[in-house]
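Student: Got a structure for you, questions after.
The values are calculated or read from the model by the stated rules, or taken from the named source; none is laboratory data. This is a predicted model, so every value here is computed, not measured. No Cβ is skipped: glycine too gets one built from the backbone with ideal geometry, and neighbour counts run over all protein chains shown.
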Amino acid sequence: MDLTAYERRLDRPTRVKLPEFQTNGRLKHVIFADQFDRPMLENFNNLSNIVRELARDRETQLFLHNLLPQKRAMLYFSQASTRTFLSFTAACQLLGMSIAEIRDPSVSSEYKGESPFDSMRMFSSYSDLVVMRTPSAGFAEACAYLMNDLDKFNERTVPIVNGGSGADEHPTQALLDVHTIQRSFEFKSERDSSRWAQFDEYRKMYPDLTRGPDSKVYGFCGDIRRGRTVHSLASLLANFSDVTMYFVSPPDLGLPVALRESLLGKGVKVFEHDTLNDIVQNVDLLYMTRIQWEHDKDTAKGSGPAPVNADFILTPELADRMKSYARIMHPFPRNAEIPPEVDHNPRAMYFPQARNGMWVRAALLAHLFDVDGLIVSHHRDVFSEYHNYNTASS
Ligand code: CP
């Protein structure tokens, strides 16, 4: 991927770039986790919960479906994906959008030598938004600059959404991860009643436990150096207060210096460890990741998943040593770092986490197309009617 024309802009500090990815205080492109501050995270959490609730009922689902029928999304995934592709597809369908896709550049005119940037201009000609997954760090960001340049010449431009770029960032994954954490750490249970609450039970054992992502210990394990989900999630969690992070990885796959500096600069307490065994009993949330062997594909290590060192495997015994309220997450795909026997551990959140991607990505699309306010007010109307109805009949 030749990014030479964008090199000067790509090399700037993130904080300098951020204004170029928003307009009138709203997101214009979604490229970095650092675009989200705490109020935005609270808003997206709320909006995602509302979308989830509206999608439960046929009538309110129809309301969502009628919001964006005139909009078309292009899903350009030149690197393998299951969850990001399917959850963006589902999110578009929830909002009534239509979808076009290219998942293999060898079946597009890139095979005939068309540059990826020309491809991107073509996508923007036929669609209203491009979601892209790419093996090249910086490519999604460069495409956002391309769109901004077109805008200056009054040419057609569309939002670019980074669905995972090389080993650097995966901001929409981080958004769904934080949403999962926000929901988990509300400590609500279907069994909660006026006489019993899950949170009160936990507090009997852990009197200092508080609700929400603040004052928590987050453990990250696996390929920390190349794990774009880890980079983006750690950046988002740094928005919360009194946060501690433990990173556990093989020595050559440790925390990148720039991320470490950035987290420390935001007041996060950062520790690095050699084995999960050292941290499992201390974390409130454990974020497992696989070793990303595909980045080594030009070497002998890159032929497929290698046996995982026992120091980075969450065995059922280790999972049982975690605090009773702690949660286990994983962006998936997994290899051997979480054996399937852990799936039934009540702390395991990774399947609900993946499903949350659908609600969060629908919320994000609604924000980008400025229909989020309509969703919130419709929800308020429907649920206040529901409430009035119940009150009247009781
Ligand atoms: N978490 C994630 O990005 O999964 P996919 O690679 O399957 O999209």
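Student: Filter the range 216-236 down to the residues that are assigned to a loop (DSSP other than H, G, I, E, B) and over 21 Å from LYS323 (Cβ atoms) and list them by number.
Tutor: ASP223, ILE224, ARG225, ARG226, GLY227
Student: Which one of the conditions (1) surrounded by fewer than 20 Cβ atoms within 10 Å (Cβ to Cβ); (2) assigned to a strand (DSSP E or B); (3) under 21 Å from the mean Cα position of the chain (by Cα) does SER241 fail to meet, given that it meets all the rest?
Tutor: (2)
Student: May I pose another question? Can you find, within the range 159-197, the residue that is farthest from the chain's Cα centre (by Cα) among those that are more than 30 Å from ARG211 (Cβ to Cβ), surrounded by 24 or more Cβ atoms within 10 Å (Cβ to Cβ) and among the aliphatic types (A, V, I, L, M)?
Tutor: Within the range 159-197, the match that is farthest from the chain's Cα centre (by Cα) is ILE160.
Student: Of all residues in the range 136-167, how many are free of Cβ contacts under 8 Å to residues at least 60 places away in the same chain and within 16 Å of the ligand (Cβ to nearest atom)?
Tutor: 1
Student: Among the listed residues LEU209, LEU255, which satisfies the condition of being part of a loop (DSSP other than H, G, I, E, B), touching a Phe, Trp or Tyr at 6+ places or on another chain (Cβ under 7 Å), at pLDDT 95 or above and more than 30 Å from THR84 (Cβ to Cβ)?
Tutor: On inspection, the qualifying residue turns out to be LEU209.
Matching residues to (1) touching a residue at least 24 places away in the same chain (Cβ under 8 Å); (2) touching a helix residue (DSSP H, G or I) at 6+ places or on another chain (Cβ under 7 Å); (3) over 29 Å from LEU233 (Cα atoms):
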{"site": "ASN45", "(1), (2), (3)": "yes, yes, no"}
{"site": "TYR76", "(1), (2), (3)": "yes, yes, no"}
{"site": "ALA90", "(1), (2), (3)": "yes, yes, no"}
{"site": "SER98", "(1), (2), (3)": "yes, no, yes"}
{"site": "ASP104", "(1), (2), (3)": "yes, no, no"}
{"site": "GLY113", "(1), (2), (3)": "no, no, yes"}
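Student: For residues in the range 245-288 being among the polar types (S, T, N, Q) and over 20 Å from the mean Cα position of the chain (by Cα), which is surrounded by the fewest Cβ atoms within 10 Å (Cβ to Cβ)?
Tutor: Step one: of the range 245-288, the residues among the polar types (S, T, N, Q) are 249, 262, 275, 277, 281-282.
Restricting the remaining residues to those that are over 20 Å from the mean Cα position of the chain (by Cα) gives 249, 275, 277, 281-282.
Working: SER249: 24, THR275: 14, ASN277: 14, GLN281: 11, ASN282: 14.
By that ranking, first place goes to GLN281.
Student: Mind listing just one residue for me: the one in the range 10-39 that is part of a helix (DSSP H, G or I) and either exposed (fewer than 13 other Cβ atoms within 10 Å of the Cβ) or of a type in the set (Lys, Arg) (or both) and, of those, modelled with the lowest pLDDT?
Tutor: Once the filter is applied, the top-ranked residue is ARG15.
Student: If you don't mind, another one. Do any residues in the range 187-210 that are closer than 17 Å to LEU285 by Cβ have Cβ atoms under 8 Å from those of residues that are in a helix (DSSP H, G or I), where the two are at least six apart or on different chains, and which pairs are they?
Tutor: PHE187/GLN198; PHE187/PHE199; PHE187/TYR202; LYS188/GLN198; LYS188/PHE199; LEU209/PHE199; LEU209/TYR202; LEU209/ARG203
Student: How many residues does the range 168-196 hold that are more than 13 Å from the ligand (Cβ to nearest atom) and in contact with a Gly (Cβ under 6 Å, 6 or more places away or on another chain)?
Tutor: Number satisfying all stated conditions: 1.
Student: Report, by residue number, each residue of the range 89-115 that is more than 16 Å from the ligand (Cβ to nearest atom) and either aromatic (Phe, Trp, Tyr) or touching a strand residue (DSSP E or B) at 6+ places or on another chain (Cβ under 8 Å) (or both). Quick ask: steps written out before the conclusion?
Tutor: We begin by selecting, within the range 89-115, every residue more than 16 Å from the ligand (Cβ to nearest atom); these are 93-98, 100, 105-115.
Scanning the range 89-115 gives GLN93, MET97, SER98, ALA100, SER108, TYR111.
Student: Sticking with this one: Collect the residues in the range 41-88 that are over 21 Å from PRO159 (Cβ atoms), among the aliphatic types (A, V, I, L, M) and either within 16 Å of the ligand (Cβ to nearest atom) or not in a helix (DSSP H, G or I) (or both), keeping them in residue-number order.
Tutor: Passing the criteria: ALA55, ALA80.
Student: Which of the helices (runs of 4 or more DSSP H) contained wholly in the range 113-188 include at least 1 residues that are touching a Cys at 6+ places or on another chain (Cβ under 8 Å)?
Tutor: Answer list for the range 113-188: 116-126.
Student: Let me ask something additional. From the list PHE332, PHE383, PHE369, which one is of a type in the set (Phe, Trp, Tyr), within 30 Å of GLY25 (Cα to Cα) and in contact with a Lys or Arg (Cβ under 8 Å, 6 or more places away or on another chain)?
Tutor: Of the residues listed, the single one that is of a type in the set (Phe, Trp, Tyr), within 30 Å of GLY25 (Cα to Cα) and in contact with a Lys or Arg (Cβ under 8 Å, 6 or more places away or on another chain) is PHE369.
Student: Quick check on this structure: which one of ARG156, ARG133, ARG121 is at pLDDT 95 or above, surrounded by fewer than 16 Cβ atoms within 10 Å (Cβ to Cβ) and on the phi < 0 side of the Ramachandran plot?
Tutor: Testing whether each residue is at pLDDT 95 or above, surrounded by fewer than 16 Cβ atoms within 10 Å (Cβ to Cβ) and on the phi < 0 side of the Ramachandran plot leaves just ARG156.
Student: Within the range 333-348, identify whether any single residue is touching a Leu at 6+ places or on another chain (Cβ under 8 Å), modelled with pLDDT of 95 or more and hydrophobic (A, V, I, L, M, F, W, C), and answer yes or no.
Tutor: Yes, because at least one residue in the range 333-348 is touching a Leu at 6+ places or on another chain (Cβ under 8 Å), modelled with pLDDT of 95 or more and hydrophobic (A, V, I, L, M, F, W, C).
Student: Ok, one more. When only residues in the range 319-340 that are among the hydrophobic types (A, V, I, L, M, F, W, C) and surrounded by fewer than 19 Cβ atoms within 10 Å (Cβ to Cβ) count, which is farthest from TYR202 (Cα to Cα)?
Tutor: Among those residues, the one meeting the criterion is ALA336.
Student: Every residue in the range 319-373 that is more than 16 Å from the ligand (Cβ to nearest atom), in a helix (DSSP H, G or I) and free of Cβ contacts under 8 Å to residues at least 24 places away in the same chain, please.
Tutor: Those that are more than 16 Å from the ligand (Cβ to nearest atom), in a helix (DSSP H, G or I) and free of Cβ contacts under 8 Å to residues at least 24 places away in the same chain: PRO340, ASP343, HIS344, GLY373.
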